[in-house]
Amino acid sequence: MRVLTLLLAAALIASPALAQTIPGTPDAPPQTALPTDAALNPALPTVFIVGDSTARNGLNLGWGDHFAHFFDTSRINVANRAIAGRSSRTYINEGHWTDVLAQMKAGDYLLLQMGHNDGGDLGGAKPRGTIKGIGDESQDVPQTTGPLAGKTETVHTYGWYLRKYIDEARAKGVHPILLTVTIRNIWKDGKIERDMGYTSFIRQVADQEHIPVADMATVEADKLEPLGPEKVALLFPKDHTHTSPEGAEIAASSVADALRQIHSPLAAYLAK
């Protein structure tokens, strides 16, 4: 709790305005001063983070940019490859997953966290949504913008896209781990929201694929809820989804703690 108190003090100085807690998926803030990807030591295993703006969002605003210091980086590389505004579908469609897959080698780890943008539209001006569920159903959607503009795209379920990441990573000898989705600053009856509707899908896919789930959302909620709405709002200065650097640090620590809880082999590389 001492660490949380210090982080809240820093947030109070940096962000005097309280966050709005209106449900929905806000746009990612403008992406400025993004860190440059460091070269990976090929002699070491690498943990790759694939996600959205909650993991990488401007300088130090995503939890993935706070993750490396939890590890012994003399023994493992930490590669944050999350991209703001992407869903499980658009991260693939725009070619980002192909790029990450090309960097992976046997023995690496994949931390996969998607969901905040998967509830969007299937077509139209911002076509990034996926079909709710984990089945093989699909829908053909004419696209007018993005990499598939002028074409008809076959849009799949959220679970279908998760399985694609998992199966293609495993084919290279990579160890995939699913993460539950980061907590939003939304409260009801004195309780913080713990699931925006994807946890069941994540667990079902993990069961199908026989891979672990690191439930960072529950760990993060357990850290935030005792603080109460007013103090937690200081960690969400822009909207209910995107945190301050202090909030990102809490989320990163929650991922590390969740890995310890499931006794993941990846936890062996944690420095603290």
Filter pass, residue 235 being among the aliphatic types (A, V, I, L, M) and outside any helix (DSSP H, G or I) = yes
Specify which of the listed residues (115, 85) is assigned to a loop (DSSP other than H, G, I, E, B) and surrounded by fewer than 22 Cβ atoms within 10 Å (Cβ to Cβ).
-> 85
Selection status of residue 163, among the charged types (D, E, K, R), open to solvent by 30 Å² or more (accessible area, probe 1.4 Å) and closer than 25 Å to residue 56 by Cβ | yes
Scan the range 150-160 and give yes if some residue there is part of a strand (DSSP E or B) and open to solvent by 40 Å² or more (accessible area, probe 1.4 Å), otherwise no.
-> yes
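Being without any contact (Cβ under 8 Å) to a residue 40 or more places away in the chain, surrounded by fewer than 20 Cβ atoms within 10 Å (Cβ to Cβ), part of a helix (DSSP H, G or I) and not aliphatic (A, V, I, L, M): is that true of residue 222 here?
Judged against the criteria, residue 222 is a match.
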Do the conditions hold for residue 211, that is, is it over 15 Å from the mean Cα position of the chain (by Cα) and either touching a residue at least 12 places away in the same chain (Cβ under 8 Å) or not in a helix (DSSP H, G or I) (or both)?
-> yes
For residue 109, the lone unmet condition from (1) open to solvent by 10 Å² or more (accessible area, probe 1.4 Å); (2) farther than 24 Å from residue 203 by Cα is (2)
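The values are calculated or read from the model by the stated rules, or taken from the named source; none is laboratory data. Since we're looking at a predicted model, the values are computed, not measured. A quick note on method: Cβ atoms are made from the backbone with ideal geometry, for glycine too, and the neighbour counts reach across all protein chains shown. In case anyone asks, the SASA skips ligands and DNA or RNA and just uses the protein heavy atoms, side chains included. Shrake-Rupley method; radii C 1.70, N 1.55, O 1.52, S 1.80 Å.
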